[in-house]
Every structure is written in C-alpha cells, then in structure tokens.
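What follows draws every value from the coordinates through simple rules; no lab data is involved. Source: prediction; values computed, not measured. A quick note on method: Cβ atoms are made from the backbone with ideal geometry, for glycine too, and the neighbour counts reach across all protein chains shown.
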Amino acid sequence: MHTFSSPSFRAGAREGFRTFLPLSVGLIPWALVTGMSMVGIGMTPLQAMGMNVIVFAGTAQLGTLPLIAAGAPLWLIVATALALNLRFVIFSAAIAQGFRGHGSGARWFCGHLLTDGVFATCMAKMLETDDKNWRLGYYLAPSLWSWLLWQTFALTGVLAAGSIPKNWSLEFMATIALMVLLIPMAKMRPMLVAAAAGGATAVLLNGLPLKLGLFAAIFVGIGAGLAADHWQGRREGTA
Amino acid sequence: MTPPTFDASLWLIFVLVGLATTLPRASFIVLGSRVALPSLVQRALRYAPAAALAAIVVPDVLLVAGEFSPLNPKLAAAAAAAGAALLSRNPWLPFIAGMGVLLALRLGFGL
C-alpha cells in the first residue's frame with residue numbers, strides 16, 4: 001500500500017483526473033447506448049452487467065452483440081472481438097515504457113483498464129515523467145474514473161431499456177454506435193479503403209455459412225488498407 | 001415466465017470476449033520492451049478495427065433477411081445518423097437522428 005499513500009502517487013492522480021475529467025463526459029452516451037443495446041438483443045439485466053464488467057470495452061461489446069444475437073459460432077465472435085481490439089496492441093506497445101519500475105501485478109491491472117481515451121490523454125506525460133508512483137497515479141485515476149462512469153451509465157441504460165417498448169428497435173442503436181466509431185477513422189484515405197473493402201466483401205459473402213463472410217471481410221479490408229497505404233506512400237514518395 | 005433468450009454459454013462468450021480484450025490491452029504493458037512488433041504487422045493492425053466495423057455495419061444496413069435491399073428504413077436511418085455524426089460534434093445527435101428516422105418509418109409509415 002506504500003505506493004498508493006505516497007504524496008507523488010496522489011499528486012499524479014489529481015493531475016490525471018483533472019486532465020481527463022472534461023473528456024470523460026464523452027463516455028456517457030456510449031455507456032448508455034451499450035447498456036440499452038445489450039438489453040435490446042434480449043439479455044437480462046444481470047447478463048448485460050456481467051458482460052459490462054467482464055469485457056469493459058464499448059467497441060468489442062457493441063461489435064459482438066449482432067453476432068451473439070444471430071447465434072454466430074463462438075470462434076467467430078471471439079475473432080471479431082480480437083479484430084476490434086487489435087488497436088490496443090499498438091496502444092499497449094506505445095505506452096509500455098510508462099510502467100517502467102512497476103511489477104507485473106500492477107501491469108496486468110493497468111493493462112485491463114487501458115482505454116482509447118486514457119491512452120490518448122496520458123501517454124505523453126507517462127513517458128516523460130521519472131517518478132514511477134506519480135506515473136501510476138496519473139494513469140490509474142482517470143482509468144478507474146472511466147471504469148466507474150462506464151459501469152454506472154451502462155447500468156442506467158440497462159434499467160432504462162426495460163421501460164421502452166420492444167418495437168422501438170433499440171438494437172439499431174448498436175449499429176449507429178458502430179457507425180459513429182467508424183466515421184472519424186474513415187476520414188483517412190487508406191482507412192476508408194479498408195472499410196469500403198471490408199463492407200463490400202461482407203455484403204457479397206453474406207450467404208456463406210457460419211458468417212464466414214465477416215471473417216473473410218476483415219482480412220480483405222486489412223489487405224486493402226495496407227495496399228492503399230503502400231500505394232499512397234509511393235505516390236507521395238515520387239511527388 | 002417467458003423462457004430465457006440465452007443459455008449459460010453466454011457467460012463463456014463474455015469470458016472469451018473479455019480475454020480477447022484484456023490480452024491485447026495488457027500485451028506490451030506486461031511484456032515491457034522485451035518484444036517489438038515488426039512494422040508491417042503494426043501497419044496491418046491499424047486497419048483491423050475499420051475493416052471489422054464496416055464488415056458488421058454495412059451488411060446490417062444494406063441487407064434485409066439476407067437480400068440486398070437498398071431502399072429499407074435502416075439505410076435511411078443510417079444515412080441520417082451518419083449525416084449527424086459528420087455535421088455535428090454533439091455525441092447524442094447521431095442516435096436521435098438515426099432512431100428518429102427509423103421509428104418514424106417503421107411505426108409511422110409501417111415500413
């Protein structure tokens with residue numbers, strides 16, 4: 001407990017929380033929508049909150065809901081979640097140096113809590129600060145705050161969804177949420193190519209059994225994105 | 001009592017999807033700087049989320065019961081939500097616009 005009571009841990013925690021607080025408001029609609037969508041596909045409140053605590057990832061939760069609802073095979077659900085989460089491998093590699101001096105227990109715990117918002121907010125200072133306790137506080141305060149907001153507002157969504165009529169098609173909120181995540185990515189040309197190729201392949205191969213088309217579409221999309229990236233790089237190189 | 005929609009295997013899904021989330025997140029934080037990713041792999045990983053999101057969303061709004069159907073309420077709702085997301089920074093507006101169009105077409109016009 002020495003770490004958590006140290007003045008530098010507390011100073012780091014205060015600063016991390018202050019920096020992240022205004023941004024954290026953006027989590028609220030996501031958590032509400034995720035809560036409502038989970039109930040929308042037929043989960044009980046207990047199942048929905050179980051998923052929310054175990055998975056703790058809006059994109060992976062929303063992205064797997066249509067597959068869970070359709071009764072897709074387990075391996076495809078897990079593969080889709082992995083594809084949606086692969087960006088975290090890059091975030092994890094980028095922020096890893098910020099945990100120098102800490103043991104593997106703290107690293108697993110911090111890794112589990114890694115989110116896009118905290119990564120974007122905290123990475124720079126995590127790398128440049130020497131005091132390891134300050135760094136841990138600076139990372140954990142906004143991470144735990146995100147966790148708390150996520151659980152609280154997902155629960156609010158879960159409870160609110162129960163009082164909304166079934167024919168309001170709440171499950172479509174998951175589709176809207178996934179689109180809202182996709183749109184800023186697709187503003188970059190190679191990303192747009194990856195999305196267009198992935199989307200088109202998924203439609204064309206929709207008839208394949210076991211939703212194999214989705215799996216193929218992810219690979220086609222990655223390949224198309226890489227090809228567009230390569231092509232764009234060559235054009236810029238010769239210009 | 002209506003029968004449950006999902007059986008106990010749902011919890012297995014949660015645990016595996018949870019692992020598929022925590023392992024990528026913790027990967028390099030736990031491994032430290034002992035391992036480095038080849039740059040081709042790093043670049044390929046960047047495109048996985050966009051490809052996966054589009055592969056889920058596009059069939060959902062273009063197909064009705066497995067058939068290509070460009071004029072369906074979900075596509076109109078998706079267009080309204082995308083327009084709201086592009087034109088406004090309000091995080092609620094895409095949901096209000098998209099659900100508003102979908103409910104108006106389905107409940108109002110019975111489509």
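Please verify whether the stretch A:171-178 includes one or more residues that are in a helix (DSSP H, G or I), within 12 Å of chain B (Cβ to nearest Cβ), more than 18 Å from B:TRP92 (Cβ to Cβ) and within 15 Å of the chain's Cα centre (by Cα). No, every residue in the stretch A:171-178 fails to be in a helix (DSSP H, G or I), within 12 Å of chain B (Cβ to nearest Cβ), more than 18 Å from B:TRP92 (Cβ to Cβ) and within 15 Å of the chain's Cα centre (by Cα). What residue, of A:THR121, A:THR64, is β-branched (Val, Ile, Thr), facing chain B (nearest Cβ under 8 Å) and within 24 Å of B:TYR47 (Cα to Cα)? Of the residues listed, the single one that is β-branched (Val, Ile, Thr), facing chain B (nearest Cβ under 8 Å) and within 24 Å of B:TYR47 (Cα to Cα) is A:THR64.
Of all residues in the stretch A:143-172, those that are of a type in the set (Phe, Trp, Tyr) have Cβ atoms under 9 Å from Cβ atoms of residues that are assigned to a loop (DSSP other than H, G, I, E, B), 6 or more apart or on another chain, in A:TRP147/A:PHE56; A:TRP147/A:LEU113; A:TRP147/A:THR115; A:TRP150/A:PHE56; A:TRP150/A:THR115. Going through (1) without any contact (Cβ under 8 Å) to a residue 24 or more places away in the chain; (2) out of contact with any helix residue (DSSP H, G or I) (no Cβ under 6 Å at 6 or more places or on another chain); (3) surrounded by 22 or more Cβ atoms within 10 Å (Cβ to Cβ) one by one, A:THR64 falls short only on (2). Among the residues of the stretch B:55-67, is there at least one that is more than 9 Å from every other protein chain (Cβ to nearest Cβ), over 18 Å from the mean Cα position of the chain (by Cα), part of a helix (DSSP H, G or I) and surrounded by fewer than 21 Cβ atoms within 10 Å (Cβ to Cβ)? Checking the stretch B:55-67: not a single residue is more than 9 Å from every other protein chain (Cβ to nearest Cβ), over 18 Å from the mean Cα position of the chain (by Cα), part of a helix (DSSP H, G or I) and surrounded by fewer than 21 Cβ atoms within 10 Å (Cβ to Cβ). A residue that is more than 25 Å from A:TRP30 (Cβ to Cβ) and more than 10 Å from every other protein chain (Cβ to nearest Cβ) occurs nowhere in the stretch A:142-157. When A:GLY103 is tested against (1) more than 9 Å from chain B (Cβ to nearest Cβ); (2) closer than 18 Å to B:ALA26 by Cα; (3) in contact (Cβ under 8 Å) with a residue 12 or more places away in the chain, exactly one condition is not met: (3). Taking the stretch A:1-41, which residues are hydrophobic (A, V, I, L, M, F, W, C) and more than 24 Å from the chain's Cα centre (by Cα)? Across the stretch A:1-41, the qualifying residues are A:MET1, A:PHE4, A:PHE9, A:ALA11.
When the residues of the stretch B:68-82 are filtered to those that are more than 17 Å from the chain's Cα centre (by Cα) and surrounded by 15 or more Cβ atoms within 10 Å (Cβ to Cβ), the one that is nearest to the other protein chains (Cβ to nearest Cβ) is B:PRO73. Could you check the stretch A:78-102 and list, in sequence order, the residues that are in a helix (DSSP H, G or I) and not hydrophobic (A, V, I, L, M, F, W, C)? Selection gives A:THR80, A:ASN85, A:ARG87, A:SER92, A:GLN97, A:GLY98.
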